[in-house]
């Protein structure tokens, strides 16, 4: 319960800031999460890279599944 109150207080303080200051805080949070290698984002980034790589392969070489399907 303690963490929830901290988040509520943090959000409340953030909402009380002027818009330009809110943007600065959010940019700083983004910077910190990238710098620290935010683990929650890594699987999504890996999945995005894998999807782009696979789609690029399909565009260049055709669909592997279509060429090797046994159906």
Q: Output the residues belonging to the range 4-43 that are modelled with pLDDT under 75 and part of a helix (DSSP H, G or I).
A: 4, 5, 42, 43
Q. Within the range 44-71, which residues are modelled with pLDDT under 70 and loosely packed, with under 10 Cβ neighbours inside 10 Å?
A. 60, 61, 65, 66, 67, 68, 69, 70, 71
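The values are calculated or read from the model by the stated rules, or taken from the named source; none is laboratory data. What you see is a predicted model, and the numbers here were worked out from it, not measured in a lab. Glycine gets a Cβ as well: all are built from the backbone with ideal geometry, and neighbour counts include every protein chain shown.
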